[in-house]
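Please read the structure below before turning to the comments.
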Amino acid sequence: MKITCIIALAALVASSINNMALADGASLYVEKNCIACHGANGNKPVMDAYPRIGGQSEIYLLMQMKDIKTGTRNNNHALAMKNIMNNVPDEDMAAIASWLSRQIQ
C-alpha cells in the first residue's frame, strides 16, 4: 500500500511539472514574440517563407533554436531570429520546444 501511494504521488508530481513546463512554453512563446512570425501555435506563419514549427520534433526545434543562436544555422531569416534567440536562455528554449512539439495542427 505504501509503495503504491509513493508511485501515485511521484506520477502526480511528474504530471504537474510537465503541465507547468507546457504552460511556461506557451507563455514564453508569446513573451519572446515567436507568435509574431510563426502564428498562434506555430502552424500559421505570417509569411510562406517562415516555417511551420508546431508539431515538429522537440529535439529538432531545440537544435534549430540553438543553431540559430550560435550562428551555425544561417539563412535569409537567420539574422532576425538570431537577434531574438540571443535573449532566450537554453531552459526557455527547451520549454518553448516542448510546448511547440505538442501543437499539432
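Just to be sure, is ASN86 free of Cβ contacts under 8 Å to residues at least 12 places away in the same chain, more than 16 Å from ALA26 (Cα to Cα) and surrounded by fewer than 19 Cβ atoms within 10 Å (Cβ to Cβ)?
So ASN86 fails the test.
Take GLU91 and tell me if it is among the acidic types (Asp, Glu), surrounded by 15 or more Cβ atoms within 10 Å (Cβ to Cβ) and within 17 Å of ASP24 (Cβ to Cβ).
Judged against the criteria, GLU91 is not a match.
Do you know which residues across the range 70-83 are over 20 Å from SER27 (Cβ atoms) and in a helix (DSSP H, G or I)?
Matches in the range 70-83: THR70, ALA78, LEU79, ALA80, LYS82, ASN83.
Quick check on the range 39-55. Is at least one of its residues exposed (fewer than 11 other Cβ atoms within 10 Å of the Cβ), at pLDDT below 95, of a type in the set (A, V, I, L, M, F, W, C) and part of a helix (DSSP H, G or I)?
So far as the range 39-55 goes, no, none of its residues is exposed (fewer than 11 other Cβ atoms within 10 Å of the Cβ), at pLDDT below 95, of a type in the set (A, V, I, L, M, F, W, C) and part of a helix (DSSP H, G or I).
For the range 61-79, name all the residues that are surrounded by fewer than 16 Cβ atoms within 10 Å (Cβ to Cβ) and touching a residue at least 12 places away in the same chain (Cβ under 8 Å).
Passing the criteria: ASN76, HIS77.
The values are calculated or read from the model by the stated rules, or taken from the named source; none is laboratory data. These figures come from a predicted structure and were not determined experimentally. Because the Cβ atoms are built from the backbone with ideal geometry, glycine has one as well, and the counts that use them run over all protein chains shown.
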